[in-house]
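A.B. asks: Here you go, one structure.
The values are calculated or read from the model by the stated rules, or taken from the named source; none is laboratory data. Keep in mind that what you see is a predicted model, and the values were worked out from it rather than measured. In this analysis, Cβ positions are derived from the backbone assuming ideal geometry, glycine residues included, and neighbour counts consider all displayed protein chains. Just so you know, the surface numbers come from the protein's heavy atoms only, side chains and all, with ligands and any DNA or RNA stripped out. Shrake-Rupley method; radii C 1.70, N 1.55, O 1.52, S 1.80 Å.
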Amino acid sequence: MSSSAVAYARQNHPRFLNELKDLLRIPSISTLPEHKADCRKAAETLLAELKRIGMEHGRMIETKGHPLVYADWLHASGKPTVLIYGHYDVQPPDPLDEWHSPPFEPTERNGNIYARGAVDDKGQVVAQVKALESLMAANHALPLNVRVLFEGEEEVGGEGIASYVASKPADLKADFALVSDTELFAPGLPTLCVGLRGMIYTELEVRGAKTDLHSGMYGGAAPNPFVSLAHIIARLKDENGHILIPGFYDDVVAPSKEELAAWRSLPFDEEEYRKAEVGSKQLVGEAGYSVLERTWARPTVDVHGILGGFVGAGAKTVIPAKATAKVSMRLVPNMTPAKAFALYKSYVEKIAPAGVDVDVRLIHSGDACLIPVDNRYIQAATRALHEVWGKDTVFIRSGGSIPIVGDFDRHLGLPSVMMGFGLPDDNLHAPNEKFNLKNFELGIQSLIRFLEEVGS
């Protein structure tokens, strides 16, 4: 690679890593109100950095939640415009006692940097910013027009950015989006994610008596919301992983034969996945589908938490007045969140046991998406990745959801290039989250070469 921007990135890599560590020390946990100031501090840090490297019109865009960060550079006449997206907010670090080093004190070991947000998404955001810095420093210009939009609510549903994008402001006019919030399929294997599952995240509240009751006095007569909730949850899918909500599979489109063949050729060891990544006695799910099909191309129902009653030390024989469960569904391309939620709500209300009231609430949702691999930006990405990594790119889907990708498509008509550099065992959302240091370095170089390739 003869790129002077890549040479600049190599030369300045130790500083880039230190600047990533500075950002990782800010506990920008978007879901906890006590960290509101930290979220703003992370936004301000990124804004200052974008201005420092030569981006223009830098500003904070206020939302009902945490602010967006915007900047642009639009002097590449006749060249395409990229909208670069990432998020500076992170998940809570709990359980703290499972971390080998404090979550907000970035620590290097085994060729990785460990911290909450290391890979999801601060490490990848910093890679984007450092690619822009390297291009600007080496050439005093960028090879294409660039808009940057970072958010601070991705981990809590991204409502602020969704409403901003939906209003179609002129300052988001672009030809394609670049999203770095995904992973390589395997170490050293350049990967582009071209499909995401959508989701609906819900709360299911079951109410019984008007107040908590003594189980000795009222047990056997008063309805128990926990038991009712358990009955409802047990009827959402059968023991083979098949979802029992009527009509839920009606809009599911199976992957093409070509896509399934490509997935079968990936370096995937199911037993290694079970032991190293999942760590369970066995894998579960719908019969007749491979693990990659079940996680990339089939819808799911999952329960994330159950609240209510008495959970302190010791015993308290209480029948709670209400119990709540957090329940989500992952959706696949062609399924819509509105229809999926309507089917789910109607079914839950129908199967609710006698004696309780049920309230089904939608907390947030996002569309699934599938990106055609023959567009010019995906093709430019494969050339850039081959140059940096020395291997052909594999196309995968992700079981996760990045709602903004659907918003960019629906509201702005933008295809997204999902070029991320995480690894499957990076523990995002879990203790000991990490980012591979080599991937951070090669990720910056890949982004530089990609932007140069599109601009050429």
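A.B. asks: Inspect all residues belonging to the stretch 210-217 and state whether any of them is in contact with a Phe, Trp or Tyr (Cβ under 9 Å, 6 or more places away or on another chain) and either modelled with pLDDT of 95 or more or open to solvent by 70 Å² or more (accessible area, probe 1.4 Å) (or both).
C.D. replies: Scanning the stretch 210-217, I find at least one residue that is in contact with a Phe, Trp or Tyr (Cβ under 9 Å, 6 or more places away or on another chain) and either modelled with pLDDT of 95 or more or open to solvent by 70 Å² or more (accessible area, probe 1.4 Å) (or both), so the answer is yes.
A.B. asks: For the stretch 324-344, give me each residue that is assigned to a strand (DSSP E or B), open to solvent by 10 Å² or more (accessible area, probe 1.4 Å) and either in contact with a Phe, Trp or Tyr (Cβ under 8 Å, 6 or more places away or on another chain) or of a type in the set (G, A, S) (or both).
C.D. replies: Once the filter is applied, which keeps residues that are assigned to a strand (DSSP E or B), open to solvent by 10 Å² or more (accessible area, probe 1.4 Å) and either in contact with a Phe, Trp or Tyr (Cβ under 8 Å, 6 or more places away or on another chain) or of a type in the set (G, A, S) (or both), the stretch 324-344 yields only K326.
A.B. asks: With G65, G78 as the choices, which residue is assigned by the TED database to the domain that holds D171, more than 21 Å from the chain's Cα centre (by Cα), in a loop (DSSP other than H, G, I, E, B) and at pLDDT 95 or above?
C.D. replies: G78
A.B. asks: Could you figure out which of (1) assigned to a loop (DSSP other than H, G, I, E, B); (2) open to solvent by less than 50 Å² (accessible area, probe 1.4 Å); (3) not aliphatic (A, V, I, L, M) isn't true of T295?
C.D. replies: All conditions pass for T295, except number (1).
A.B. asks: Still on this structure: Just give me the residues in the stretch 97-136 being assigned to a strand (DSSP E or B) and in contact (Cβ under 8 Å) with a residue 40 or more places away in the chain, in sequence order.
C.D. replies: E108, N112, I113, Y114 - these are the residues of the stretch 97-136 that are assigned to a strand (DSSP E or B) and in contact (Cβ under 8 Å) with a residue 40 or more places away in the chain.
A.B. asks: Now a separate question. From the list K281, K210, which one is outside the structural domain of K438 (by the TED database), under 27 Å from K326 (Cα atoms), free of Cβ contacts under 8 Å to residues at least 40 places away in the same chain and part of a loop (DSSP other than H, G, I, E, B)?
C.D. replies: Only one candidate qualifies: K281.
A.B. asks: Same structure again: What residue, of G309, G314, is touching a residue at least 40 places away in the same chain (Cβ under 8 Å) and farther than 25 Å from I161 by Cα?
C.D. replies: When all the criteria are applied, what remains is G309.
A.B. asks: Just checking, which of R397, R449 is open to solvent by 30 Å² or more (accessible area, probe 1.4 Å) and assigned by the TED database to the domain that holds Y114?
C.D. replies: R449
A.B. asks: Scanning for something in contact with a helix residue (DSSP H, G or I) (Cβ under 7 Å, 6 or more places away or on another chain), under 30 Å from V301 (Cβ atoms), at pLDDT 95 or above and among the aliphatic types (A, V, I, L, M), does the stretch 129-139 turn up at least one residue?
C.D. replies: Scanning the stretch 129-139, I find no residue that is in contact with a helix residue (DSSP H, G or I) (Cβ under 7 Å, 6 or more places away or on another chain), under 30 Å from V301 (Cβ atoms), at pLDDT 95 or above and among the aliphatic types (A, V, I, L, M), so the answer is no.
A.B. asks: Tell me yes or no: at least one residue of the stretch 271-281 is within 24 Å of V303 (Cα to Cα) and in contact with a Leu (Cβ under 6 Å, 6 or more places away or on another chain).
C.D. replies: There is at least one residue in the stretch 271-281 that is within 24 Å of V303 (Cα to Cα) and in contact with a Leu (Cβ under 6 Å, 6 or more places away or on another chain).
A.B. asks: Condition test on A381, is it open to solvent by less than 60 Å² (accessible area, probe 1.4 Å), closer than 18 Å to R235 by Cα, touching a residue at least 24 places away in the same chain (Cβ under 8 Å) and in a helix (DSSP H, G or I)?
C.D. replies: In short, no.
A.B. asks: Does V358 satisfy the condition of being modelled with pLDDT of 95 or more and either within 24 Å of R330 (Cβ to Cβ) or crowded, with 19+ Cβ neighbours inside 10 Å (or both)?
C.D. replies: yes
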